[in-house]
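K.L.:
Take a look at the following structure, please.
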Amino acid sequence: MSIPWSLIGSGLKFAFGGIVDAIKQKRVIDQRETAADHNLQLAITQAKIAKAQKDGEWEVEAVKNSGWKDEAMFVIVMAPLVMCFIPGLAPYVWQGFKALDNALPDWWRWMVMATVGVSYGLKPFTKLKNLGKSK
């Protein structure tokens, strides 16, 4: 009796063909998932780069827009510090800050801080500046 090798080969091919196809499909799925992960990481990196470029442009624009008001604000803010080192002026600085501490309401202090922050381009305060503007 002769062994029907072609029949056995066909049977083995039929039996293991599904397993081979499943392995091939799994490999294709894994490759697609890897490509999707790569594309996601690429998109995240590109978004970070775009944000960094935008922040850099914003800071350059803030420097371009600085003018005499910023210089005046700097002198006003630094004057009390310098006055403390000049003999005879320190008591006036102390009295001035004491008077401000007792006289100014909190909302005025916040307004002054916001004005200085916007003038120097501190980002949290620039949002306050743009509240009334439509985008």
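K.L.:
Residue 95 versus (1) at pLDDT 90 or above; (2) surrounded by 12 or more Cβ atoms within 10 Å (Cβ to Cβ): which is the lone unmet condition?
P.N.:
Unmet for residue 95, out of (1) at pLDDT 90 or above; (2) surrounded by 12 or more Cβ atoms within 10 Å (Cβ to Cβ): (2).
K.L.:
Only one of these is among the acidic types (Asp, Glu) and modelled with pLDDT of 90 or more: 57, 61, 33. Name it.
P.N.:
Details: 57 fails: modelled with pLDDT of 90 or more; 61 fails: modelled with pLDDT of 90 or more.
So the residue among 57, 61, 33 that is among the acidic types (Asp, Glu) and modelled with pLDDT of 90 or more is 33.
The values are calculated or read from the model by the stated rules, or taken from the named source; none is laboratory data. No experiment lies behind these values; they were computed from the predicted model shown. Cβ: placed from backbone, ideal geometry, glycine included. Neighbour counts: every protein chain shown.
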